[in-house]
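This report concerns only the one structure given below.
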Amino acid sequence: MPELLRIYRWPIIGGTTGLVLALLLLTIGFWKTLVLFILVGLGIAAGLYLSQTGLLDDYFN
């Protein structure tokens, strides 16, 4: 079983992502889903920026 998961890892991830996207579109609608993805993308970008610059390392160490 672990070998099957390793072989089909990307199709499983893609299928799960598609399922989540479809559920979001059906439950909360297109525009709210779009805003959600934009905000998540901005959060990821801010986190990467803070991680690369080390801007908050002095406060949390």
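Summary of values
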| quantity | calculated |
| --- | --- |
| Matching residues in the range 4-25 - criterion: being more than 13 Å from the chain's Cα centre (by Cα), free of Cβ contacts under 8 Å to residues at least 12 places away in the same chain and surrounded by 10 or more Cβ atoms within 10 Å (Cβ to Cβ) | Ile7, Tyr8, Arg9, Ile12, Gly15, Leu19, Ala22, Leu23, Leu25 |
| Selected residue (only one of Phe30, Phe60 is over 16 Å from the mean Cα position of the chain (by Cα) and either modelled with pLDDT under 95 or hydroxyl-bearing (Ser, Thr, Tyr) (or both)) | Phe60 |
| Flag for Thr33 being touching a Leu at 6+ places or on another chain (Cβ under 6 Å), part of a helix (DSSP H, G or I) and either touching a residue at least 40 places away in the same chain (Cβ under 8 Å) or not aromatic (Phe, Trp, Tyr) (or both) | yes |
| Boolean, Thr33 is of a type in the set (Val, Ile, Thr), touching a helix residue (DSSP H, G or I) at 6+ places or on another chain (Cβ under 6 Å) and surrounded by 10 or more Cβ atoms within 10 Å (Cβ to Cβ) | yes |
| Of all residues making up the range 37-57, the number that are part of a helix (DSSP H, G or I) and either touching a helix residue (DSSP H, G or I) at 6+ places or on another chain (Cβ under 7 Å) or exposed (fewer than 10 other Cβ atoms within 10 Å of the Cβ) (or both) | 2 |
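The values are calculated or read from the model by the stated rules, or taken from the named source; none is laboratory data. Here the structure is a predicted model, which means the values were calculated and not measured. Every residue, glycine among them, receives a Cβ derived from its backbone with ideal geometry; neighbour counts consider all protein chains shown.
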